[in-house]
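Here's the structure, in structure tokens; my notes come after.
The values are calculated or read from the model by the stated rules, or taken from the named source; none is laboratory data. The structure presented is a predicted model; accordingly, all values stated were derived computationally and were not measured. Here the Cβ positions follow ideal geometry from the backbone for every residue, glycine too, while neighbour counts run over all protein chains shown.
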Amino acid sequence: PFLFRLLTHDVFIGGKTWTTFIDDTPDLFKLVQSQNRAQKLLGYLGDIAVNGSSIKGQIGEPGLKTEIVIPKFESREDPDNGPPLDATFPCEVGWRNIIVKSGPEAFAKAVRDYPGCLIMDTTWRDAHQSLLATRLRTVDMVNIAKETSYALANAYSLECWGGATFDVAMRFLYEDPWERLRTLRQLVPNIPFQALVRGANAVGYKSYPDNAIYDFSKKAVENGLDIFRVFDSLNYIENMRLGIDAAKKAGGVVEAAVCYSGDVANPKKTKYTLQYYLDFVDQLVEEGIHVLGIKDMAGLLTPAAATMLIGAIRKKYPELPIHVHSHDTAGISAASMIAAAAAGADVVDVAIDSLSGITSQAPMGAVCMALEQTGMGTGIRYQDIQALNLYWSQVRLLYSCFEAPVRASDSSVYGHEMPGGQYTNLMFQASQLGLGQQWDEIKRKYIEANELCGDIIKVTPSSKVVGDFAQFMTSNSLSKKDVIEQAAHLDFPSSVVEFFQGYLGQPVGGFPEPLRTHIIRDLPRIDGRPGTTMEPLNFKKMKADLRAKFGKHITDADVSSYAMYPKVFEEYQSFVEKYGDLSVIPTRYFLGRPEIGEEMHISIEKGKTLIIRLLAVGPVVEGKGVRDVWFEVNGEVRAVPVEDKS
Ligand code: 3PY
Ligand code: ZN
């Protein structure tokens, strides 16, 4: 019917040319665009109808098949309970105003002066990275963003960017991570946005040329980021200096993080001692940081260790704001957060209750309640947490198809020290490789692999090195002794070889020898900061090349995405060319196979909603391996040919 309408349009009858056609008939052109968009979306929905979701890591269907109900913040209807929650516009009161008006130093001072303890909510980043394979889509944050701007108005920050979210957004969710940042920023103008950045590795798994790090940090601030939690996966000060400088030059709040390993409360652990951390903090403070982060990525910081570590830093640096991060893998992080606050931490990390616990952060409700009772109130209301939690409990169900089978606390983390996100990820990978039964064996090999590396700090990307090493040992039935004896002849995973070459930086205490030499043989060795030997990137040329390949829509931010992940970015662009912008599809249709007759409402732009009904899936066309999938779109019947991949 559309082609018919086009051909009978009077410009065709009158014989007008195509160029003036677009200018003279904008309405018809818009219709063409929107029909194209609809057709591309049908291509995706048709593919799901025939083949099911192909999103990596998904097992089965989403656990929620109905629309998510947005909770009412009923207690806000009582004027005695503070400003009303009117989600037609975002809240304007919050800590970000200090950053915008007075800058990072003033913000740091105000945080330090705050009489209670503030929270960072990790729900939009680390919580789903740790529990749901980082698969949370922008739309599911957007749908609760304005309410969050009120409920968490007194939060120090929302962690919503960085870590694995950048890569996963493009690679698996076909979304633009920059667009996520900009969209959320508009909906939450009042609460600082925080990202986890891996120092010289930015949001990647390797070192990048210095200008890539500066460019990335600058773009992050331009697109709405406020606070950079900068860490290095080996606590290597040279890499940290670069990340700190880039965040500072970009105008961001620099939260430099010490990665916590070992156990300061255990005198038998002699590598990562209290003195080691105090010395490292001294070096970071010398760089002029705004906030100190303690990043306990595995959840090793017990309450006693938190009291010792934070207490000692507080004593030495009374003016320095301290922000503590942990994971609940062993089940003790709420207690550790409270101990940290009592020892002088200004900010602690929590996740909304239904996305907390296990490998994620401590539960927001419990921590806020406990802090309130000890005179260290967070300024976050219990009733608001409950309302927010109603939303997130539905989201947790929606994404249940990405849950790793982790059901309970696991104190084996004190032995293997796997970061929270990696714990669930490795468990999943192990089962994919057919090693699922050997999860316990992998944990044991992880300990041995870490020892072979020299007992390093383990966090992305160094944790990937140890994880790859452990899987290599498991699948080749190698003991630690075997590796030492056969190192000169084994075919190690590339991440392991590169680590020993020095491509991530220098580990605490140096590389173990002669293992290093046996593993890298005659490959180059880097004994300083890897970035210093890398050629700067030519962004102008990259942009021109990308525009030539994908079109004029390529932006400077896209160039930054490409700089971080060239192949992933190109595949993402090709996917979008084929299927259009899929971020508009509600998650239950994005991941779930539709039923025949099911009606889907998809808003493709403001005021334009497609009502799509799946009518039928046709038989395979002989010799072509293709099926026609029939839809009704706003009352019109359309078919799309879809390859049957079975
Ligand atoms: C990341 O780098 O993504 C992490 O979450 C490390 O803890
Ligand atoms: Zn974490």
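Odds and ends about this structure:
- Any hit, region 224-242, residues being away from ligand 2 (no atom under 16 Å from the Cβ), over 25 Å from Ile99 (Cα atoms), touching a helix residue (DSSP H, G or I) at 6+ places or on another chain (Cβ under 8 Å) and aliphatic (A, V, I, L, M): yes
- Qualifying residue in region 403-412 (condition: at pLDDT 95 or above, in a helix (DSSP H, G or I) and surrounded by fewer than 24 Cβ atoms within 10 Å (Cβ to Cβ)): no
- Checked against the criterion of being assigned to a loop (DSSP other than H, G, I, E, B) and more than 13 Å from ligand 1 (Cβ to nearest atom), the candidates Ile191, Ile213 yield just one match: Ile191.
- Residues that are of a type in the set (Gly, Ala, Ser) and surrounded by fewer than 16 Cβ atoms within 10 Å (Cβ to Cβ) number at least 1 in the following helices (runs of 4 or more DSSP H) confined to region 514-614: 539-550, 566-579.
- Residues located in region 31-45, provided they are at pLDDT 90 or above and of a type outside the set (Gly, Ala, Ser): Gln39, Lys40, Leu41, Leu42, Tyr44, Leu45
- Qualifying residue in region 109-123 (condition: farther than 22 Å from Arg180 by Cα and either in contact with a Lys or Arg (Cβ under 6 Å, 6 or more places away or on another chain) or among the polar types (S, T, N, Q) (or both)): no
- Ser207 meets each of the listed conditions (1) over 22 Å from Phe89 (Cα atoms); (2) out of contact with any Ser or Thr (no Cβ under 9 Å at 6 or more places or on another chain); (3) surrounded by fewer than 24 Cβ atoms within 10 Å (Cβ to Cβ) apart from (3).
- Looking only at region 406-431, and only at residues there that are farther than 18 Å from Ala449 by Cβ and within 12 Å of ligand 1 (Cβ to nearest atom), the one that is farthest from the chain's Cα centre (by Cα): Thr424
- Any hit, region 361-372, residues being surrounded by fewer than 24 Cβ atoms within 10 Å (Cβ to Cβ), more than 22 Å from the chain's Cα centre (by Cα), part of a loop (DSSP other than H, G, I, E, B) and away from ligand 1 (no atom under 16 Å from the Cβ): no
- Here Gln275 meets each of (1) free of Cβ contacts under 8 Å to residues at least 12 places away in the same chain; (2) of a type in the set (S, T, N, Q); (3) crowded, with 24+ Cβ neighbours inside 10 Å with one exception, condition (3).
- Being over 22 Å from Phe193 (Cβ atoms), polar (S, T, N, Q) and touching a residue at least 40 places away in the same chain (Cβ under 8 Å) is not true of Gln361.
- One residue stands out among those in region 140-172 that are away from ligand 1 (no atom under 16 Å from the Cβ) and part of a loop (DSSP other than H, G, I, E, B): the one that is nearest to Glu222 (Cα to Cα), which is Tyr156.
- Unmet criterion (only one of (1) in contact (Cβ under 8 Å) with a residue 40 or more places away in the chain; (2) within 16 Å of ligand 1 (Cβ to nearest atom); (3) of a type in the set (Asp, Glu)) for Asp468: (1)
- Residue in region 278-328 that is nearest to Asp232 (Cα to Cα), counting only those that are of a type in the set (S, T, N, Q) and assigned to a helix (DSSP H, G or I): Gln283
- Test: residue in region 286-303 that is in contact with a helix residue (DSSP H, G or I) (Cβ under 8 Å, 6 or more places away or on another chain), away from ligand 2 (no atom under 16 Å from the Cβ) and acidic (Asp, Glu): yes
- In the set (1) buried (at least 24 other Cβ atoms within 10 Å of the Cβ); (2) out of contact with any Ser or Thr (no Cβ under 6 Å at 6 or more places or on another chain); (3) closer than 22 Å to Val350 by Cα, Ala304 fails one condition alone, (1).
- Top-ranked residue of region 428-463 - restricted to ones that are part of a helix (DSSP H, G or I) and in contact with a Phe, Trp or Tyr (Cβ under 6 Å, 6 or more places away or on another chain), ranked as surrounded by the fewest Cβ atoms within 10 Å (Cβ to Cβ): Ala430
- In this structure, Leu136 does not satisfy being within 16 Å of ligand 1 (Cβ to nearest atom), surrounded by fewer than 24 Cβ atoms within 10 Å (Cβ to Cβ) and not charged (D, E, K, R).
- Looking across region 89-133, just one residue is on the phi > 0 side of the Ramachandran plot and within 16 Å of ligand 1 (Cβ to nearest atom), and that is Ala133.
- Per the listing Lys206, Lys218, the residue uniquely more than 16 Å from ligand 2 (Cβ to nearest atom) and either of a type in the set (A, V, I, L, M) or at pLDDT 95 or above (or both) is Lys218.
- Checking region 351-360 against the condition returns a match, with at least one residue being more than 16 Å from ligand 2 (Cβ to nearest atom), polar (S, T, N, Q) and within 30 Å of Gln386 (Cα to Cα).
- Residue ID - nearest to Cys117 (Cα to Cα), chosen from residues in region 139-187 that are within 16 Å of ligand 2 (Cβ to nearest atom) and β-branched (Val, Ile, Thr): Thr165
- There is at least one residue in region 314-323 that is closer than 29 Å to Ala133 by Cα and surrounded by 23 or more Cβ atoms within 10 Å (Cβ to Cβ).
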